[in-house]
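Laboratory data are not the source of any read-out in this text; all were calculated from the coordinates shown. Only a predicted model underlies this, so the values are computations on that prediction, with no experimental measurement involved. Reconstructed Cβ throughout: ideal geometry from the backbone, glycine too, with neighbour counts over all protein chains shown.
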Amino acid sequence: MTSALQLDDSGRLRHFLTIEGLDRVWLERIMDTAASFGSVAEQKVKKVPLLRGKTVVNLFFEPSTRTRTTFELAAKRLSADVLNINVAVSATTKGESLIDTVRNLEAMSVDMFVVRHGASGAAHFIARHVAPHISVINAGDGRHAHPTQAMLDMFTIRRHKPDFSSLIVTIVGDILHSRVARSQIHALNTLGVAEVRVVAPRTLLPVAVESLGVRACHDLDEGLEDADVVIMLRLQKERMQGALLPSEHEFFRCFGLTRQRLRRAKPDCLVMHPGPINRGVEIASEVADGGHSVILEQVGHGIAVRMAVMALTMGAVQG
Ligand code: CP
């Protein structure tokens, strides 16, 4: 169903909603297209005319720093016009439904919706209802998916470690509530890594997590052993119901990444984090700012990867 929604009859990427259903060729095509946009940021005029005349709507129902701004910059670097809808001061606060909001924006002849929403499936819902010329990109829906984040993470890994087949990737933290982790796991397995490990207390791992194609560990030292890439996740307190942890202090003691613990991983391992980081909760400052960290590089790559996804879904580059 999702594949049918994302890819049209001719196999073109029409919407980008989830990594699931996309094969390795598609993931590599997105990364190759992003690589081709890398030089735009070095130009005197940081623009290419691929989406000139198109209108992109950033429709964010949840807070965001990195995703919203990099989507806006990506659209502007493709020469699109951008509308940022501030939901806090929109008619949503007067009871307007999601579909009515979308229908009204559609009436303004827009071409793309970039959607972040607290409900899993919100971007799929919009994709099923928009006019045929409109593309929808999922910028994070509930606990379900954050596919452009996963692709910028894969792009960052590939820049440093191009042979995915030899990699051990360890994802640490609140896996249960993380849409980022779900999308990363699908992408890593599709790209053929040697092993994906997830490390968390039992209360922060989904039931039967192994069915996603990962090895589950409850001990950080075990999970870090010989890892090539360590991805840290924050505690998603806004999605937690009930007490799932004794305290943040206790979480850091057991699962926080310190310089000493990182010695278990490979000497050239990458430390990643989708942000926002909570220093002293899941990661020590000395690691977040240290020599293994590519956290800010991830943010920068978000622009090229989002340019790629926008250009591909609009049919502005060969898909
Ligand atoms: N990684 C990420 O989604 O960050 P924001 O919430 O700031 O967009």
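Applying both filters, DSSP loop and at most 11 other Cβ atoms within 10 Å, to the GluC sites (Glu not before Pro) of the range 198-259 eliminates every site.
Mean separation of Cα pairs under 8 Å and 6+ residues apart, divided by the residue count of the range 147-294: what relative contact order is that in percent? Relative contact order for the range 147-294 comes out at 24 percent. Under the definition of Cα pairs under 8 Å and six or more residues apart, what whole-number percent is the relative contact order of the chain? Dividing the mean separation by the residue count of the chain yields 21 percent.
Within the listed set VAL198, VAL25, VAL136, the Gaussian network model of the chain (springs between alpha-carbon atoms below 10 Å) gives the highest mean-square fluctuation for VAL25. A full extension of the chain between GLU248 and ARG103 corresponds to an added length of 47.9 nm, given 0.36 nm per residue minus the alpha carbon distance.
Counting each DSSP H run of 4 or more residues in the chain as -39500 (n - 2.57), what helix-only mean residue ellipticity at 222 nm follows after dividing by all residues, to the nearest 500 deg cm²/dmol?
Numbers: 12 runs with 114 residues, N = 319.
Per the formula, -10500 deg cm²/dmol.
Here the 3J(HN,Hα) profile of the range 74-87, calculated from phi with Karplus coefficients 6.51, -1.76 and 1.60 at θ = phi - 60°, is 4, 5, 5, 5, 8, 6, 7, 8, 10, 10, 9, 8, 8, 4 Hz, Gly and Pro shown as x.
Between HIS292, HIS129, HIS144, the residue with the greatest mean-square fluctuation in the GNM of the chain (Cα pairs under 10 Å linked by springs) is HIS129.
Residues whose amide H falls under 5 Å from that of LEU257, counting only those 5 or more places apart or on a different chain, are ILE283, ALA284, with hydrogens built in the peptide plane. Put simply, the convex hull of the Cα atoms in the range 147-294 casts, on average, a shadow of 7.8 nm². Under the rule that an exposed site lies in a DSSP loop and has at most 16 other Cβ atoms within 10 Å, name the longest stretch of the chain with no trypsin sites (Lys or Arg not before Pro) of that kind, not counting the sites themselves. That gives 53-262 as the longest site-free run.
Scalar couplings 3J(HN,Hα) for the range 187-197, obtained by applying the Karplus form with A = 6.51, B = -1.76, C = 1.60 to θ = phi - 60°, are 5, 4, 5, 5, 7, x, 5, 5, 7, 10, 10 Hz; x denotes Gly and Pro. Rounded to whole numbers, the Karplus 3J(HN,Hα) couplings from phi for the range 226-234 are 6, 5, 8, 9, 10, 10, 9, 10, 7 Hz, using 6.51 cos²θ - 1.76 cosθ + 1.60 with θ = phi - 60°, and x at Gly and Pro. For the chain, modelled as a GNM whose springs connect Cα atoms under 10 angstrom apart, the maximal fluctuation among HIS273, HIS218, HIS186 occurs at HIS218.
Would the range 1-135 count as rounded, prolate or oblate if I go by the C-alpha gyration tensor, calling it rounded below 1.5 in a/c and otherwise prolate when a/b exceeds b/c, oblate otherwise? Please report the intermediate quantities before stating the final value.
On the way: a/c = 1.74, a/b = 1.20, b/c = 1.45.
The shape class here is oblate.
The antiparallel fraction among DSSP beta bridges confined to the range 147-294 stands at about 0%. The alpha-carbon of LYS54 sits under 21 angstrom from the alpha-carbons of these lysines, leaving out residues fewer than 8 places away in its chain: LYS46, LYS76. This model, with +1 at the C-beta of Lys and Arg and -1 at the C-beta of Asp and Glu, gives the chain a dipole about its Cα centre of some 660 debye.
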